[in-house]
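Here's the structure we're looking at; comments come further down.
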Amino acid sequence: MDLFATIFVDGLIYAAWLFIVSVGLTLVFGVLNILNIAHGSLYAIGAYTSASMVGAYFGVGGDAFPWGSYVALIAAAILVALVMGPLLERGLLRFFYGRDEVLNVLVTYAVFLILEDAMKLIWGVNPYYVYEPYTLLGDVELGSLFYVGYDFAVIAIAIVVGLAVWMSLNRTRTGKVVLAVIHDPEMSRTMGVNVPRIYLGAFVAGAFLAALGGAVTAPMISVQPGLGVNVIIVAFAVVIIGGLGSIPGAAIGALMVGISRAASVHLLPEAELFIIYFVMAIVLMFRPEGLFAKTQARKI
Amino acid sequence: MSQAILDVRDVQKRFGAVTAAQDITVQVPAGAVYSLIGTNGAGKTTFVNMVTGYLKPNSGSISFLGRDITGLSPRKITQLGIHRSFQIAQLCNDLTVEENMLVATTIHGSRSPSLLRPAHSAEARDKVLETLERFGIADHRNRLIPELSGGVKKLLDIAMAMAGDTRIMLLDEPTSGVAADEKFPIMDLVIDALKAEGVTIIFVEHDMDIVTRYSERVLAFYDGRIIANDAPDEVLTDPDVQKYVTGVTA
Amino acid sequence: MLGMNHLLAVAGTFAVMAAGAVILPDWAMFLIVMALAKGLVCLGIVGMMRGGLVSFGQGLYYCAGAYTATLFANSFGITDIFLLCIVSAVVCLAIGGLFGPLLAGYRGIFFAMLSLALSMVLYGSLSKLSVIGGTDGLNIAAPTFLGWEPEGRALQSGLYLFVSALVVAAGAVMWRYFHSEQGLIALAARDNELRVEYLGASVRKAMTLNYVFGAVLGGLGGTIAALALGHVDPEFAFWTTSGEFVFVAILAGYLSVPAVFVAAIILELVRSFSNLYFPNTWQLALGVFLLAVIVALPGGLGSLVDRRRKREGAQ
Amino acid sequence: MKQTIRTICATLALATGLSAPAMAQDDTFKIGVITFLSGQAAESFGVPAWNGGQLLIDMLNEGGKLPAPYDKPGFGGMKIEAIVVDEAGGATKQVQEFRNLVQREQVDAVVGYVSSSDCLAVPPVADELKAFTILYDCGTPRVFEDNSFEYVFRTAAHATMDNVGLARYLKSRGFEVDSFAGLNQDYAWGQDSWADFTGAMAQLYSDATVKTALFPKFGAGQYGTEISALLREKPALIHSSNWGGDLQSFLLQATARGLHKRTQLALSAGDHVIPQLQDKMPDGIVLGARGVNGLLAKARGGDLQPLTDTLWDSYMERYGVIPVQAPFRMWQGLLGLKMAVEKAMDDNGGKKPTDEELAAAMKGLSWDAPSGRIEMALGGGHQAIQPTAIGVTKWNNETKMMELVDIEYFDARCVNPPEGMKSQDWLAQGFPGAQCD
């Protein structure tokens, strides 16, 4: 296969993964104005939970119908969202709304530290494997290269996630309310919007997306401690590039980072480490608040 | 008519499809007192914002004493002596009234603020206290901004704008949010003080009593244009102004 | 510059700290040296916080200072702590002077993330440079003090006294700066940039100045840390290192200079003991401590002192 | 500023109050153990090593559990007590923790450090504090090649051995390698391993070309792009020193895309992922264990078999998993320490040895460990050399266990540089003084 086509396909696969892990981050920031470091922990918890659930599925005779493991993956993400979302949002974050955004980063950093050890207490340090869903979709031959079918499933999931988030924000009543809250929480409150409920909903959705990222990744890696920390920085970079709070921004940011990283690995492997910061610096130089940030003049 | 201190020519400002100002041309002579009237959205604040550099006109020019200041930053324009107050008082909420005033006197007091000289020197604080007393808000000096009433905030805002060497002062609705019986005293205080120093005054106002009492000339705005530019009596009896601005039916 | 009262306070503070060189056990002296070195970096962040900015990338200067000192020491065989501090400070001043004006236009989370990105680029570059040790880093010999070459406890005490003096001096200088005219402008800009610009002061200049001060302090902190540890590695510039500095700055708050160093010492103690007594759950312990501080002291440690000051002033 | 003084007084008081030193006792030997309990290295190295260490300490304290010369209880009759500290958090933190262990907890010896960066940072401090210290795991040759230390010893061979062993194995087994590529983690370990491997290959396969050298970020997790690049480049062999989760993820993703069918995989440190991956690891991978460790030791036979089997079986019994390289290195470190303590006590009349006496005893010592004969032959008697071995993976369908076959054992002096020569020079000069059978 032609070099540039390979770069494109590799970049697209990586971008799909990046998008899934960062779209929840940008959504939560958009609504709650909190840049959530614990997003990485939710990702890791999603990976662990799905590993456990898929493992359990095959433990109780899921071999007869291996496709059910995909249901277990999604169910794991939902479970994490429903447990961790309300726990963190109602139990902690709501006390920090309206506080300095950098302080809130630290709050979520504390949560991140706590969850790192909590995961170790629950799952131990030994790795979990659930490779079955990864190999189930077989190989795809593109030119002379083999790809795993699962990689393309990840692209499909990313597209579905992106469309679902976009549609539910722009095509539903609740979504429009959410957009109104993003735009002006004060105004929405006076208009009678139940802002706490919107916040809770958005955080649970964000937690779901983080956990889904982890759940989708779990089959291709060994799930073990330290998983969350690497995800955070790349996800941050993607949403900063795209513009905090912007869903299309996260998509474009993921594509830019994904493709440029793939190009770097194929053409200039030495630069791979820097490429993400390079893209970020270039974008911020010309668009100080990211690609899709709405710059609004203050009324004085 | 003496030489124009402020010369605005053919200025236009668009926000997307909306034209907020067009064909704005006006010459303000030094030492004059102008008022700007018009309904909300007529272009008054846009005018103030363009003169003070917050907004950059899409076309046209603004000159101060013959020098083109179109598109200069607020800071540069302020340093030239064109000062302003704000419709919504712009104060530092984490600082006390005294400290807010101190910020104003410190900055206006020296072109290059010192990294060593204490800002809170007894001398500086005395000067601040004097100003606060002149504006009748000295009692509030140790309070934080969110604890203050709208009137006090407004006064502090104006007092801060007046702390420096002013050539032109633009006051954006100086009496909005001020109790009715305090409007005239405040205007007396501000206008007298500014006039005494020969400052050119431009103020935005909705209260026609204040407009007639204090301004020598009125600019009536409608739909981004100046529809009248004359002495208060003339403008307020103009049928267009009555129709579009004051709402008085002849 | 400083009034008589302030000079006395400065001298008194140093005297009390110096007593530590006699009474403190070695490990505690070392712990405090490290805490104060990091405190210097955090003091820089506190300066930026006074202007409303929080840098998540002070590891950049901490690391740049540490590597400057180490490379300078290893290349020219210079071990004098005064000279090394000056060299690092100058290098960091230059870097800060370069990036300061660029970053001064950014606010909030964007400033935080861009500064983080810069420090991660340094981290990445140093990790790649195997000539200077790559991720394994480099060692640096123990410092000498104007020709004095102590060893053992004397070395620890010498280092401790040097850092104490440096901290007191830097604290006094920064305190003077915070309360100067320029410092007041920064504080006002934190609240309302528009007003500051409309008074005719440059917010950008205020932010740049704060940033440059932060750079120099970061470089000094890194130099001290490198000399105390005897080792530098790219981790100095890693984001978690910077995150820790931010934590100390938040713990201290922007209202008091001494609070910064107290906060740094508290964090070191908490970390050291939780690491030893909860080897498997120290991150959890640290996280809980962090949350507790943020909840209990929203304005930081300094707010305890400052509130009292205001009450006293009112009486 | 008055409160400044008050706060500082309070802090100082607090600090001194906490400083009551733990009393040293003569009937116990207290060691500080530093290894990874969190982060990625915990699962691969830290926890298995400490499990092995705990097991060995229990067995030694009980006495008579191991064959001679390790049948005497404890360290020379003293009960062994261990304080374990997490190695996660970087070299800065480790230097601090090291001081705390020595000065606050007053440990008699420190045994620790998986990370090379910690191994470079700690020795100067150990010498400054005159604290006897064993580096049991880390790989970088720089520790004793760039410096010398009085109180610091490394009881495991440095990493040059791993890659020289690997290249020698390929040559002696007749692998045809006309081109090769590398995929190594982007930090000192990966960079050094790749440099060592290319250095060794340049001597043994001078015609082979390097197709590409990939350095994905540590902990990257996603190797799709790298695998595409490797598939496209079609090298005859791929070298990787990856470990832990990075290695596991790479293997899972690479085998799913058939990389192992197109190219020979050679993993310099890969044995520790066998228990987790089992049959998910394809057959035919050339694999090292950084010494004669794990399955390579189990399959060796000979005089050391009773010692190896005793520890192997006890480990299996207690933890339900085979011991891989990490516990072997912990064992060789602790057994070496035991020998040094007992030798020092023989010399000083049976008193608990001082740090100086320990250092004197350890210098140039050699002893038997489950991983073979350990000789403190380099760095002026401070750096160990040990034999190594390389094998090939083969799944045994009957026992349902992964095995290593076609194992070749290399003498310590065949794969380690001689005393006084830096490993880089040794590689560049074509292994002068190497003694291979």
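Scanning the stretch C:124-173 for residues that are surrounded by 18 or more Cβ atoms within 10 Å (Cβ to Cβ) and on the phi > 0 side of the Ramachandran plot turns up C:Gly133, C:Gly134, C:Gly137.
Listed by position, the strands (runs of 3 or more DSSP E) contained in the stretch B:1-72 that have at least 3 residues being more than 27 Å from B:Val190 (Cα to Cα) are B:4-15, B:18-29, B:59-64.
Select from the stretch C:128-158 the residues that are out of contact with any helix residue (DSSP H, G or I) (no Cβ under 8 Å at 6 or more places or on another chain) and within 12 Å of another protein chain (Cβ to nearest Cβ) and list them in ascending order.
Once the filter is applied, which keeps residues that are out of contact with any helix residue (DSSP H, G or I) (no Cβ under 8 Å at 6 or more places or on another chain) and within 12 Å of another protein chain (Cβ to nearest Cβ), the stretch C:128-158 yields C:Leu129, C:Val131, C:Ala154.
Would you pick out the residues in the stretch C:221-238 that are surrounded by fewer than 24 Cβ atoms within 10 Å (Cβ to Cβ) and facing chain D (nearest Cβ under 7 Å)? Hits for the stretch C:221-238 are C:Gly230, C:Glu235. Taken over the stretch D:289-307, the criterion of being more than 21 Å from D:Lys394 (Cβ to Cβ) and either in contact with a Gly (Cβ under 9 Å, 6 or more places away or on another chain) or of a type outside the set (A, V, I, L, M) (or both) is satisfied by D:Gly302, D:Asp303, D:Leu304, D:Gln305, D:Pro306.
Listed by position, the helices (runs of 4 or more DSSP H) inside the stretch C:78-190 whose residues that are modelled with pLDDT of 95 or more number at least 1 are C:81-103, C:152-178. Looking across the stretch B:108-126, just one residue is modelled with pLDDT of 90 or more and surrounded by 16 or more Cβ atoms within 10 Å (Cβ to Cβ), and that is B:Arg125. Restricting to the stretch B:81-99, give me the number of residues that are closer than 12 Å to C:Ile185 by Cβ and either more than 7 Å from chain C (Cβ to nearest Cβ) or under 20 Å from the mean Cα position of the chain (by Cα) (or both). Residues flagged as closer than 12 Å to C:Ile185 by Cβ and either more than 7 Å from chain C (Cβ to nearest Cβ) or under 20 Å from the mean Cα position of the chain (by Cα) (or both) within the stretch B:81-99 amount to 2. Answer with yes or no whether D:Asp355 is touching a residue at least 60 places away in the same chain (Cβ under 8 Å) and either over 26 Å from D:Gln325 (Cβ atoms) or touching a Leu at 6+ places or on another chain (Cβ under 6 Å) (or both). Yes; evaluated as a whole, the condition is true for this residue.
When D:Val321, D:Val292 are checked against the criterion of being under 21 Å from the mean Cα position of the chain (by Cα), part of a loop (DSSP other than H, G, I, E, B), surrounded by fewer than 18 Cβ atoms within 10 Å (Cβ to Cβ) and among the hydrophobic types (A, V, I, L, M, F, W, C), a single residue qualifies: D:Val321. The residues of the stretch A:183-224 that are of a type outside the set (A, V, I, L, M), surrounded by 16 or more Cβ atoms within 10 Å (Cβ to Cβ) and in a helix (DSSP H, G or I), listed by number, are A:Pro185, A:Ser188, A:Tyr199, A:Gly201, A:Phe203, A:Gly206, A:Phe208, A:Gly213, A:Gly214, A:Thr217, A:Pro219. One residue stands out among those in the stretch D:86-114 that are on the phi > 0 side of the Ramachandran plot and at pLDDT below 90: the one that is farthest from the other protein chains (Cβ to nearest Cβ), which is D:Gly89. The set of residues from the stretch D:88-122 being under 19 Å from the mean Cα position of the chain (by Cα) and of a type in the set (Ser, Thr, Tyr) comprises D:Tyr113, D:Ser115, D:Ser116, D:Ser117.
Could you check how many residues of the stretch D:203-229 are within 30 Å of D:Asp425 (Cα to Cα) and either of a type outside the set (Ser, Thr, Tyr) or not assigned by TED's automatic domain parsing to the domain that holds D:Val164 (or both)?
12
Only residues that are closer than 24 Å to C:Ser88 by Cβ, within 7 Å of another protein chain (Cβ to nearest Cβ) and of a type in the set (Phe, Trp, Tyr) were counted in the stretch C:1-53, giving 1. Checking the stretch A:39-58 against the condition returns no match, with no residue being outside any helix (DSSP H, G or I), within 18 Å of the chain's Cα centre (by Cα), away from chain D (no Cβ under 14 Å) and not small (Gly, Ala, Ser).
Go through B:Gln79, B:Gln87 for me and flag whichever is in a helix (DSSP H, G or I) and either surrounded by fewer than 24 Cβ atoms within 10 Å (Cβ to Cβ) or basic (Lys, Arg) (or both).
Residue meeting the stated conditions: B:Gln79.
Comparison of C:Arg195, C:Arg176, C:Arg204 shows that the only residue that is more than 24 Å from C:Phe99 (Cα to Cα), surrounded by fewer than 24 Cβ atoms within 10 Å (Cβ to Cβ) and among the charged types (D, E, K, R) is C:Arg176.
If the condition is being free of Cβ contacts under 8 Å to residues at least 60 places away in the same chain and more than 14 Å from chain C (Cβ to nearest Cβ), then the stretch A:96-147 contributes A:Thr135, A:Leu137, A:Gly138, A:Asp139, A:Val140, A:Glu141, A:Phe146. Annotation note: of C:Val257, C:Val216, C:Val262, the sole residue that is more than 14 Å from chain A (Cβ to nearest Cβ) and touching a Gly at 6+ places or on another chain (Cβ under 6 Å) is C:Val257.
Being under 29 Å from A:Gln224 (Cβ atoms), touching a residue at least 60 places away in the same chain (Cβ under 8 Å) and either of a type in the set (A, V, I, L, M) or not assigned by TED's automatic domain parsing to the domain that holds D:Gln325 (or both), is that true of even one residue in the stretch D:65-84? Within the stretch D:65-84, none of the residues are under 29 Å from A:Gln224 (Cβ atoms), touching a residue at least 60 places away in the same chain (Cβ under 8 Å) and either of a type in the set (A, V, I, L, M) or not assigned by TED's automatic domain parsing to the domain that holds D:Gln325 (or both). Scanning the stretch D:112-156 for residues that are more than 17 Å from D:Asp355 (Cβ to Cβ) and in a helix (DSSP H, G or I) returns D:Ser116, D:Ser117, D:Asp118, D:Cys119, D:Leu120, D:Ala121, D:Arg142, D:Val143, D:Phe144, D:Glu145.
Just one of the numbered conditions (1) more than 12 Å from the chain's Cα centre (by Cα); (2) surrounded by fewer than 24 Cβ atoms within 10 Å (Cβ to Cβ) is not true of C:Ala186: (2).
Okay, residues lined up against (1) among the charged types (D, E, K, R); (2) over 17 Å from D:Ala340 (Cα atoms); (3) buried (at least 22 other Cβ atoms within 10 Å of the Cβ):
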residue: D:Met362; (1), (2), (3): no, no, yes
residue: D:Ala369; (1), (2), (3): no, no, yes
residue: D:Met376; (1), (2), (3): no, no, yes
residue: D:Thr393; (1), (2), (3): no, yes, yes
residue: D:Lys400; (1), (2), (3): yes, yes, no
residue: D:Glu408; (1), (2), (3): yes, yes, no
residue: D:Val415; (1), (2), (3): no, yes, yes
residue: D:Gln429; (1), (2), (3): no, yes, no
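For the stretch A:109-156, a residue qualifies if it is outside any helix (DSSP H, G or I) and of a type in the set (Phe, Trp, Tyr), and the qualifying residues are A:Tyr128, A:Tyr129, A:Tyr131, A:Phe146, A:Tyr147.
Within the stretch D:379-392, can you find the residues that are touching a strand residue (DSSP E or B) at 6+ places or on another chain (Cβ under 9 Å) and more than 15 Å from D:Asn293 (Cβ to Cβ)? Write out each step before concluding.
Initially, the stretch D:379-392 is screened for residues touching a strand residue (DSSP E or B) at 6+ places or on another chain (Cβ under 9 Å), giving D:379, D:381-392.
Within the stretch D:379-392, D:Gly379, D:Gly381, D:His382, D:Gln383, D:Val392 meet the criteria.
Among the conditions (1) of a type in the set (Ser, Thr, Tyr); (2) over 15 Å from D:Gly89 (Cα atoms); (3) in contact (Cβ under 8 Å) with a residue 60 or more places away in the chain; (4) buried (at least 22 other Cβ atoms within 10 Å of the Cβ), C:Thr241 misses just one, which is (2).
The values are calculated or read from the model by the stated rules, or taken from the named source; none is laboratory data. Quick caveat: nothing in here was measured; it's all calculated off a predicted structure. FYI the Cβ positions are ideal-geometry reconstructions off the backbone, even for glycines, and counts take in every protein chain you see.
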